[in-house]
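Participant: Following this message is one structure expressed as structure tokens.
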Amino acid sequence: MTARAPIILDFLARNAETADVPALITDFQETVRKLGIAVSAAGATAGIGSERINRFFFNDWPQDWVELYMERGFIDRDPVPIEARRRIQPFQWADVLDEPSYRLEGAEVVAVGNAHGWIDGFVVPIHGPGGYLAIDSLAAREKLTLSVEDRALLQAFCFFIHDRCRREAHLSQEPPIQLTLREIECMQWVATGKTDWEIAKLIGIAPATVHFHVENAKKRLGLKSRTQAVALLVLRGIV
């Protein structure tokens, strides 16, 4: 058993029944620091192209770095989310140093990050329906030496906190989404790429009725496109 294992296992055991998610996040962040990791963030994105919707569950990176990251447009060039989109397995920053996303524009992001003291990190991609992509990201100010056991435990660690965050709507302080059961059913099929005609055949109603329910769902959500509506419902754990 590695030195990190008891710390992670103790966190999972003591929080198995924890209902207070903000307190759980605080405990997670404190536990991360015991593992030799400086900061952590968990966020999710869903949708396609310009209609992609993003949100953070938590993020304790220093504010000055966050501001610089946004001002320099690093969000579109950062190799970490780029690699997370095409990987299923967790990865360490060093694992992708030879990838094109590092060798091209991403090299600047890495260089500036290193200059600010961000030396290494561990990333857990979480993929779901409707283009859902979550990234749990841990960053360190020194090189991380992670065994196979460390990686597996860190993956379980991040999956645990992400699952709790995603299920707790109050974290976002957003109003609850109120759709009818039929609207939700139709939007679930929309999320799989089905047309109104195909959905109608599947659930036994007229295509015009499917269209009515989908349009009504979009109206309730205050969104103009099906892609945006699906993305929001995926992020909120409804479809």
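Here, each number is a calculation from the coordinates, and none is a lab measurement. Here the structure is a predicted model, which is why all the values come from computation and not from measurement. All Cβ positions, even for glycine, are placed from backbone atoms using ideal geometry, and neighbour counts span all protein chains on display.
Participant: Hey, what angle do you get for helix 148-167 against the long axis of the chain, alpha-carbon based, 0 to 90 degrees rounded to 10?
Facilitator: With rounding to tens, the tilt is 40 degrees.
Participant: If contacts are Cα pairs under 8 angstrom and at least 6 residues apart, what is the relative contact order of the stretch 65-203 in percent?
Facilitator: Answer for the stretch 65-203 is 18 percent.
Participant: How do Ser147, Ser40 line up, fewest other C-beta atoms within 10 Å first?
Facilitator: Ser147, Ser40
Participant: Determine the dipole magnitude for the stretch 100-239: charges of +1 sit on the beta-carbon of Lys and Arg, -1 on that of Asp and Glu, nothing else is charged, the reference point is the Cα centre, and the result goes in debye to the nearest 20.
Facilitator: Charge dipole of the stretch 100-239: 460 debye, to the nearest 20.
Participant: With each pseudo-label sitting 7 Å past Cα toward Cβ, what's the Asp60-Leu97 distance in nm, one decimal?
Facilitator: Distance between label points: 2.8 nm.
Participant: On the Cα set of the chain, report Rg and Dmax in Å, please.
Facilitator: Computed over the Cα atoms of the chain, radius of gyration and Dmax are 19.9, 60 Å.
Participant: Determine the relative contact order of the chain: mean sequence separation of Cα pairs under 8 Å and six or more apart, normalised by residue count, in whole percent.
Facilitator: Here the relative contact order equals 23 percent.
Participant: If you don't mind, another one. If each residue's Cβ is checked for other Cβ atoms within 10 Å, how do Asp120, Asp163, Asp98 rank with the fewest at the top?
Facilitator: Arranged by neighbour count, lowest to highest, Asp120, Asp163, Asp98 become Asp98, Asp163, Asp120.
Participant: Place a +1 charge on the Cβ of each Lys and Arg in the stretch 4-172 and a -1 charge on the Cβ of each Asp and Glu, then give the dipole magnitude about the Cα centre in debye, rounded to the nearest 20.
Facilitator: Once rounded to the nearest 20, the dipole reads 280 debye.
Participant: Here is a follow-up. Figure the gain on full extension for Asp10 and Glu198 (residue separation times 0.36 nm, minus the Cα-Cα span) and round it to one decimal in nm.
Facilitator: Extra length from Asp10 to Glu198 when fully extended: 62.8 nm.
Participant: Using the number of other C-beta atoms within 10 angstrom as an exposure proxy, rank Leu9, Leu146, Leu235, Leu104 with the fewest first.
Facilitator: The most exposed by this proxy come first: Leu104, Leu9, Leu146, Leu235.
Participant: Taking the Cα-to-Cβ direction at Glu71 and at Glu108 and moving 7 Å from each Cα, how far apart do the two end points lie in nm?
Facilitator: If labels sit at Glu71 and Glu108, their model points lie 1.5 nm apart.
Participant: If you plug each phi of the stretch 183-193 into the Karplus form 6.51 cos²θ - 1.76 cosθ + 1.60 with θ = phi - 60°, what whole-Hz ³J(HN,Hα) values come out, in order, with x for Gly and Pro?
Facilitator: Each residue of the stretch 183-193 in turn: 5, 4, 4, 5, 5, 4, 6, 4, 4, 8, x Hz.
Participant: Measure nothing but the geometry: give the 0 to 90° angle between the long axis through the Cα atoms of 106-115 and the longest principal axis through the Cα atoms of the chain, rounded to 10°.
Facilitator: The angle comes out near 50 degrees.
Participant: Here's another thing I want to ask about it. Using just the helices of the chain, give the 222 nm mean residue ellipticity in deg cm²/dmol: DSSP H runs with n ≥ 4 each add -39,500 (n - 2.57), and the total is spread over all residues, rounded to 500.
Facilitator: That comes out to -15000 deg cm²/dmol.
Participant: State log₁₀ I(q)/I(0) for the stretch 57-153 at q = 0.15, 0.21, 0.24 Å⁻¹ as given by the Debye formula over alpha-carbon point scatterers of equal weight, solvent excluded.
Facilitator: -0.61, -1.23, -1.54
Participant: Normalise the Debye intensity by I(0) for the stretch 181-235, one equal point scatterer per Cα, no solvent, then take log10 at q = 0.21, 0.22 Å⁻¹ and round to two decimals.
Facilitator: Relative scattering, expressed as log10 I(q)/I(0), comes to -0.66, -0.73.
Participant: Please name which of Ile53, Ile37, Val21 has its Cα lying farthest along the dipole of the stretch 1-62 towards the positive end, using unit charges on Cβ (Lys, Arg +1; Asp, Glu -1) and the Cα centre as origin.
Facilitator: Ile37
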